[in-house]
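Only one structure is covered here, and it is reproduced in the block below.
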Amino acid sequence: MALLNYIRLNIDPTKDENDVWKWVVPLCERVLAGTIRLPLAYSELPLKHAVRERLLTAEFEKVLAEFSLTICGTPREVEEIVIDGVKYAYVDFEE
């Protein structure tokens, strides 16, 4: 919902050079409606090129990144644990 609200308040649909309204808004609406199967594969995320080329504002990238992590089932934090000199990782996934 945060991403959708950000888009509605900050991105003018008539001046949307990166097609945010075309690709991201429908995805947000499908996630909120529960009509899309999650987790979504990273390869299916929109705006990868715009993010890679830094064509988006830092503020929008932050909100988009949080949304993308959540719908892809990517862990937000990884804690490294060392037991007897062997590294392990404790990963807390958001459900």
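Details
Yes/no matrix, rows are residues, columns are (1) crowded, with 17+ Cβ neighbours inside 10 Å; (2) modelled with pLDDT under 95; (3) among the β-branched types (Val, Ile, Thr):
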| position | (1), (2), (3) |
| --- | --- |
| 5 | no, no, no |
| 22 | no, no, no |
| 25 | yes, no, yes |
| 29 | no, no, no |
| 35 | no, no, yes |
| 52 | no, yes, no |
| 60 | yes, no, no |
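- Considering 38, 32, the condition of being outside any helix (DSSP H, G or I) and aliphatic (A, V, I, L, M) is satisfied by 38 alone.
- Restricting attention to segment 41-50 and to residues that are among the small types (Gly, Ala, Ser) and not in a loop (DSSP other than H, G, I, E, B), the residue that is least open to solvent (accessible area, probe 1.4 Å) turns out to be 50.
- Scanning segment 7-20 for residues that are surrounded by 13 or more Cβ atoms within 10 Å (Cβ to Cβ) and assigned to a loop (DSSP other than H, G, I, E, B) yields a total of 3.
- Matching residues in segment 63-95 - criterion: being modelled with pLDDT under 95, farther than 19 Å from residue 34 by Cα and part of a helix (DSSP H, G or I): 65
The values are calculated or read from the model by the stated rules, or taken from the named source; none is laboratory data. The model shown is predicted, which means the values in this text are computed figures rather than measured ones. Cβ atoms come from the backbone with ideal geometry, glycine included; neighbour counts cover every protein chain shown. Side chains are part of the model used for accessible areas, which takes the heavy atoms of the whole protein and leaves out ligands, DNA and RNA. Shrake-Rupley method; radii C 1.70, N 1.55, O 1.52, S 1.80 Å.
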